[in-house]
Amino acid sequence: MQYFGGGFNYIYPKENIKLIEEIIKYGGAVITEYEENVVPVPQNFPKRNRIISGISDGVVVVEAGEKSGSLITAELALEEGKEVFAVPGNANSKMSKGTNELIKEGAKLTDNVFDILEEYKH
């Protein structure tokens, strides 16, 4: 699934065009709550994250800096009583600060898909 912080006429980042084509090709969903000509602006992304969290069974955070939008999504998932998984990263990497903090706060440490599948097989 891919969700936009703007309308369909403004795919951001542009590199996602091929990803979107693949998602559609294999029957996935591409959604937005914005009209087609709405330009993606920073304040739209936290709003987008609430939708992502809301329609998900759980959230996996692979990489996140200290002020990452992924952390907003994880926080929303926790508020909704959903599972949050985090992939640990190098303690010296800025892009691992968020995921490592999530693990310290109780997110389920995961380093492979089987950790997640195990959680949902019951």
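The values are calculated or read from the model by the stated rules, or taken from the named source; none is laboratory data. Fair warning: this is a prediction, and the values are worked out from it, not measured in the lab. Because the Cβ atoms are built from the backbone with ideal geometry, glycine has one as well, and the counts that use them run over all protein chains shown.
Among (1) more than 16 Å from Ile116 (Cα to Cα); (2) over 12 Å from the mean Cα position of the chain (by Cα); (3) touching a residue at least 24 places away in the same chain (Cβ under 8 Å), which single condition is Glu83 missing?
Unmet for Glu83, out of (1) more than 16 Å from Ile116 (Cα to Cα); (2) over 12 Å from the mean Cα position of the chain (by Cα); (3) touching a residue at least 24 places away in the same chain (Cβ under 8 Å): (1).
How many residues does the range 17-52 contain that are of a type outside the set (Asp, Glu) and part of a helix (DSSP H, G or I)?
16
Would you mind finding the one in Asn49, Asn9, Asn44 that is at negative phi and in contact with a Leu (Cβ under 8 Å, 6 or more places away or on another chain)?
Asn49
Please determine, by comparing only the residues of the range 23-47 that are closer than 16 Å to Pro13 by Cβ and exposed (fewer than 12 other Cβ atoms within 10 Å of the Cβ), which one is modelled with the lowest pLDDT.
Pro42
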